[in-house]
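Undergrad: What follows is a structure written as structure tokens; I'll ask about it next.
Derivation of every value follows stated rules applied to the coordinates shown; laboratory data play no part. Here the structure is a predicted model, which means the values were calculated and not measured. In this analysis, Cβ positions are derived from the backbone assuming ideal geometry, glycine residues included, and neighbour counts consider all displayed protein chains.
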Amino acid sequence: MKTMTCKQFGGPCNQEFQAETFDEMVGMSQRHGTEMAEKGDLDTSK
């Protein structure tokens with residue numbers, strides 16, 4: 001299992017993504033970014 005954070009993907013927060021493959025983590029990161037943007041939560045101080 002691999003773990004990366006939103007910040008490691010260039011995002012603003014420390015949300016962790018765990019998956020078996022990098023491609024799975026990319027998908028999780030993209031969904032997370034989309035959800036946060038839809039909420040209007042683009043706070044880079046998290």
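Undergrad: Round to the nearest 10 and give me the degree value, 0 to 90, for the angle of helix 22-39's Cα axis relative to the longest principal axis of the chain.
TA: With both axes taken from Cα atoms, the answer is about 10 degrees.
Undergrad: Based solely on its DSSP helices, what 222 nm [θ] is calculated for the chain when runs of n ≥ 4 H residues each add -39,500 (n - 2.57) and the sum is averaged over all residues, nearest 500 deg cm²/dmol? The partial results should precede the final answer.
TA: Details: 1 runs with 18 residues, N = 46.
It lands at -13000 deg cm²/dmol.
Undergrad: Near Gln18, within a Cβ-to-Cβ distance under 10 Å, what is the net charge of the other residues, with Lys and Arg +1 and Asp and Glu -1?
TA: -2
Undergrad: May I pose another question? Multiply the residue separation of Ala37 and Glu16 by 0.36 nm, subtract the distance between their alpha-carbon atoms, and state the gained length in nm to one decimal.
TA: On the way: separation 21, 0.36 × 21 = 7.56 nm, distance 1.72 nm.
The Ala37-Glu16 span can extend by a further 5.8 nm.
Undergrad: Here's something else I'd like to know. Could you work out the Kirkwood radius for the chain, taking every pair of different alpha carbons, averaging 1/r and inverting it, reported in Å? Please list the in-between numbers first.
TA: Working: mean 1/r = 0.0943 Å⁻¹.
Hydrodynamic radius (Kirkwood, Cα only) of the chain equals 10.6 Å.
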